1. Mind checking the angle between helix 16-148 and the chain's longest principal axis? C-alpha axes, 0 to 90 degrees, to the nearest 10.
2. If you place +1 on the Cβ of every Lys and Arg, -1 on the Cβ of every Asp and Glu, and leave all else neutral, what size is the dipole of the chain about its Cα centre, to the nearest 20 Debye?
3. Counting each DSSP H run of 4 or more residues in the chain as -39500 (n - 2.57), what helix-only mean residue ellipticity at 222 nm follows after dividing by all residues, to the nearest 500 deg cm²/dmol?
4. Using the alpha-carbon atoms, what tilt in degrees (0 to 90, nearest 10) does helix 2-12 show relative to the longest principal axis of the chain?
Amino acid sequence: MAAASHAWLLRTGLNTTEEEEEEEEEEEEEEEEEEEEEEEEEEEEEEEEEEEEEEEEEEEEEEEEEEEEEEEEEEEEEEEEEEEEEEEEEEEEEEEEEEEEEEEEEEKKKKKKKKKKKKKKKKKKKKKKKKKKKKKKKKKKKKKKKKKK
């Protein structure tokens with residue numbers, strides 16, 4: 001019976017204001033829901049943007065740190081290379097000094113040997129001369145002895 005009376009009311013248009021009010025309320029509710037959804041979407045978008053910005057900042061910081069580390073490594077490598085070069089130069093200098101010392105020693109030895117040889121030769125000559133003199137003396141003595149007889 002209620003359904004029939006409702007249908008009659010609809011046909012007659014007597015119930016239109018109530019229905020219009022209900023429709024308006026429903027529309028308002030739908031609009032409010034849509035607005036809330038839009039606000040939520042905007043908030044989500046803002047949050048996503050903030051997160052993206054934070055991620056970008058973190059990436060930039062990481063890149064800067066990596067660059068700094070690379071620079072430090074390059075500096076360390078340069079220092080190591082310089083140290084190696086210095087060590088090589090020192091080694092070369094030491095080798096040159098050693099070679100010079102060896103050459104000087106060799107020269108000294110040669111001079112000493114030469115001197116020794118010269119001395120030996122002189123001694124030999126002297127000895128030979130002495131021997132010759134002795135021989136001559138002996139011969140002379142022998143000759144004298146022979147003459148006496």
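Throughout, read-outs are computed from the coordinates displayed, never taken from laboratory work. Remember, predicted model here, so these are calculated numbers, not experimental data. Reconstructed Cβ throughout: ideal geometry from the backbone, glycine too, with neighbour counts over all protein chains shown.
1. 0 degrees
2. Roughly 23780 debye, rounded to the nearest 20.
3. Rounded to the nearest 500, the figure is -37000 deg cm²/dmol.
4. 80 degrees
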